[in-house]
Amino acid sequence: MKSKGRVLGAWAFLIGVILAIVLGVFGTNSWILALLVIAGILVGLLNVTDEESSGFLLAGVSLVLVSWLGQDSLSAFATVSIGSLQIGSMLIGILSALLILFVPATIIVALKSVFDLAKN
């Protein structure tokens with residue numbers, strides 16, 4: 001059975017990804033951005049075990065890099081729209097929100113991994 005912390009971390013991850021998509025589609029709001037940071041911290045603290053940290057760090061760093069570089073390459077499509085939907089801006093917003101979620105989570109897991117390495 002999952003511990004209470006793991007369940008909270010899983011919910012934080014799910015809510016964070018949904019918020020990232022919603023932010024990308026509907027625009028940013030400062031308190032929702034703060035919730036994304038908090039969700040990222042919770043994911044990093046509660047949802048990743050020592051055994052999962054290497055895989056999470058690889059996936060997290062990959063996601064952060066691709067999101068960051070994706071924003072830059074999609075900037076050429078920022079004005080692309082279908083009807084009244086500005087698809088380019090939405091994609092850039094989603095990638096930006098994913099960065100806000102995954103950067104704190106990745107930093108927390110990396111710090112935990114470095115601490116475990118130094119402890120041994």
Self-check item: Residues of segment 57-80 satisfying the condition of being at pLDDT 80 or above and among the β-branched types (Val, Ile, Thr)
Solution: 61, 64, 66
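Test of understanding: among 111, 74, which residue is free of Cβ contacts under 8 Å to residues at least 60 places away in the same chain, surrounded by 15 or more Cβ atoms within 10 Å (Cβ to Cβ) and either assigned to a loop (DSSP other than H, G, I, E, B) or aliphatic (A, V, I, L, M) (or both)?
74
State whether the residues of segment 3-11 include one that is without any contact (Cβ under 8 Å) to a residue 24 or more places away in the chain, within 17 Å of residue 101 (Cα to Cα) and either of a type outside the set (D, E, K, R) or assigned to a loop (DSSP other than H, G, I, E, B) (or both).
Yes, segment 3-11 has at least one match.
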Quiz prompt | Some residue of segment 58-71 being under 15 Å from the mean Cα position of the chain (by Cα), of a type outside the set (S, T, N, Q) and not in a helix (DSSP H, G or I) | solution = no
Quiz item: From the set of residues in segment 15-56 that are loosely packed, with under 13 Cβ neighbours inside 10 Å and modelled with pLDDT of 85 or more, which is farthest from residue 86 (Cα to Cα)?
Solution: 54
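The values are calculated or read from the model by the stated rules, or taken from the named source; none is laboratory data. Bear in mind that the values here come from a model prediction, so they are computed numbers and not experimental data. Backbone-built Cβ (ideal geometry, glycine too); neighbour counts: all protein chains shown.
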